[in-house]
Amino acid sequence: MAFPTVQVFESYADTAGREFDAVILLGDFAQTVPDDFSEYVAQALQFDARVGKQALLVPADVAGGRLITAPTGPLTRDYDDVRNISDAAGAAARIAQQAGVTKPLLIVFGVPSEARYGQAEAVAYWGLCQALYEPLEAREHLGEETIETVTAVGVVGALDETWLQAVEAGKRVARDLAGTEPERMAPPRFAEYCQQAFAHSPVRVTVIDDVQQLQHEYPLLMAVARASLGVERHQPCVVRLEYKAPAAEQTLMFAGKGIVYDTGGADVKTGGHMAGMSRDKGGAAGVAGFVKTVAEMRPETLNVVAELGVVRNSIGADAFVADEIITAHSGVRVRIGNTDAEGRLVLADLLSHLREEAPDYPRPQIFSVATLTGHAALAKGPYTALIPNGPARVNEVTEKLWEAGEVYGDPTEISWSRREDYDFVRPRTKADDTLSSNNGPSATTKRGHQFPMAFLAIASGLDKHGTDSQQPLPYVHVDIAGSGVEGGDWQHGKPTAAPVTCFAGCYLHQ
Ligand SMILES: [Zn+2]
């Protein structure tokens, strides 16, 4: 795993004599530029009015003879946030890479001392890494050293190198797993990637790939997988990741949607809407990424248990179809409304397993993470949607995630679960207990990203663990359909690794 390693310095003076080959100066250039660079910036400005307005490389008497100015623009308006910093770092990183820089020194200046910029330097480092990341297929074909040429970054600030790199290691796993084409990341190879990513780490990886066992324990997941069983390399698996803390006080439990390819199934995606559906595994990828950060940080008091449902939603003679009634792991009878609403079926069985084991762990919180609905992307744009149940509201789980997302540059928005959502998936007769989906596109369905959370709660049995129950279980559904890839471009956008940084900031960093 090669991403730019980080070296932290207390001050610019401490970097003297180090082998950096450029300086990236990042900040709001309308504010005072640090003394060490003000002369070079003023000189450059005489020749180029763009200095301080867009990212540029200018000659200067600094390391490598190159100063890359990376303006953030204003930072103090109501609607500014720390992504101004990561965007500027990304623009500078691309210039550095193209210019042949391999070891830039990053200096962030003039950031307002407000809570929203409390992690500015860390966010700048991650923004730089995001911009420099190359897809797994490209690295495997062309060689990592050939195309990822920036090898190290110096950062001036009060920072923890281990923490910065642990988050980036997690994000890299998430991007690799989410972005890769459907054969390279077919279920068995997804599992193999996870085994390699967690080798020699404190995380235990278990792969359940026995078809009979899966049919018995994950019946909804296996309905989705049915048309894929005839092709051995497409056969499904559940990847279980477990981290046991030495002195556990709290437990995070994740279900991750890992649809390695979504044809829609018998309700086949038409009109060109299939391209990009190799990215429908972004939820499982994000969970694996967060667990990678956990493996690096080795928290003292936090357990993590994750189940990733890695399945190809294929189409074929044995494909499941709408109207089938399938009894879930929870015992709930699910009427299939549309086979393209497959992610929630996979998640419901995973969540049901987590629900069963939750009492064995201290203070469990349960999450489902998925690229679930076009509606989330429509309603939230590039923000992760968080939908809490009652106990999660009482414990302010989503508020804490929201705050972390703002500070660490992986923002979210909260949606509410309502009675209309439960009514939408109610059984119409005694033949079943719930309906998985309607038949319109989620993006034209009212409450199209909220109502699936009601289905998940019912089909997994978590609806029996509300605030009014004997055993309340905090549960949050996390929809990354809008935040999982850059620019919302599922086919070509670079995976963002959402919500790795948000969860890491919330649970692993004080
Ligand atoms: Zn689908």
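Going from most exposed to least, what order do His509, His216, His234 have by accessible area with a 1.4 Å probe?
Values: His509 45, His216 150, His234 15 Å².
Ranked from most to least accessible, the order is His216, His509, His234.
Take the Cα radius of gyration of the chain and divide it by 2.2 N^0.38 Å, N being the number of residues; the result is 1.00.
Whenever you get a sec, line up Asp423, Asp432 from highest to lowest accessible area (probe 1.4 Å, protein heavy atoms).
Details: Asp423 85, Asp432 10 Å².
Result of the area sort, largest leading: Asp423, Asp432.
Tell me the net charge near Thr251. Cut-off is 11 Å between Cβ atoms, Thr251 excluded, with +1 for each Lys or Arg and -1 for each Asp or Glu. Numbers along the way, then the final one.
Numbers: positive: Lys244, Arg363; negative: Glu242, Glu249, Glu357, Asp360.
Net charge in that neighbourhood comes out at -2.
At 0.36 nm per residue, and after removing the present C-alpha to C-alpha distance, how many nm does the segment from Gln215 to Thr467 gain when stretched out fully? Walk me through the numbers on the way to the answer.
Working: separation 252, 0.36 × 252 = 90.72 nm, distance 3.23 nm.
Answer, rounded to one decimal: 87.5 nm.
Among the lysines of the chain, pairs at least eight places apart or on separate chains and with Cα atoms under 21 Å apart come to 22. For region 5-159, the residue among Val123, Val6, Thr32 whose Cα projects farthest onto the positive side of the dipole built from Cβ charges is Thr32. Taking 0.36 nm per residue of separation and subtracting the Cα-Cα distance, full extension of the segment from Glu140 to Tyr79 would add 17.9 nm. The charge dipole of the chain, taken about its Cα centre with unit charges on the Cβ atoms of Lys, Arg (+1), Asp and Glu (-1) only, comes to about 1160 debye.
Antiparallel DSSP bridges in the chain: what percent, to the nearest 5?
On the way: 24 of 71 bridges.
Antiparallel bridges: around 35 percent, rounded to the nearest 5.
Working from label points 7 Å from Cα in the Cα-to-Cβ sense, the Thr149 to Thr270 distance is 4.8 nm. Under the simplified labelling scheme, the Gln510-Arg363 pair shows an inter-label distance of 1.1 nm, with each label point 7 Å from Cα along Cα→Cβ.
Peptides 115-127, 285-297: what's the order by average Cβ count within 10 Å, highest mean first? Each step should come with its number before you reach the end.
Numbers: 115-127: 23.5, 285-297: 28.7.
The most tightly packed comes first, giving 285-297, 115-127.
Under a Cβ-only charge scheme (Lys and Arg +1, Asp and Glu -1), can you give me the dipole magnitude of region 1-44 about the Cα centre, in debye to the nearest 20?
Roughly 140 debye, rounded to the nearest 20.
Ranking Val287, Val334, Leu136 by how far each Cα lies toward the positive end of the dipole of the chain (charges on Cβ) leaves Val334 at the top.
Taking the highest mean first, how do the peptides 455-463, 42-50, 106-114 order by number of other beta carbon atoms within 10 angstrom per residue?
Working: 455-463: 25.3, 42-50: 12.4, 106-114: 18.4.
Ranked from most to least packed, the peptides come out as 455-463, 106-114, 42-50.
Of the peptides 201-212, 26-37, 171-182, 472-483, the ranking by mean beta-carbon count within 10 Å, highest at the top, reads 472-483, 171-182, 26-37, 201-212.
The values are calculated or read from the model by the stated rules, or taken from the named source; none is laboratory data. This one's a predicted model, so the numbers in the text were calculated from it and none came from an experiment. Glycine gets a Cβ as well: all are built from the backbone with ideal geometry, and neighbour counts include every protein chain shown. Remember, those area values only see protein heavy atoms, side chains included, never the ligands or the DNA or RNA. Shrake-Rupley method; radii C 1.70, N 1.55, O 1.52, S 1.80 Å.
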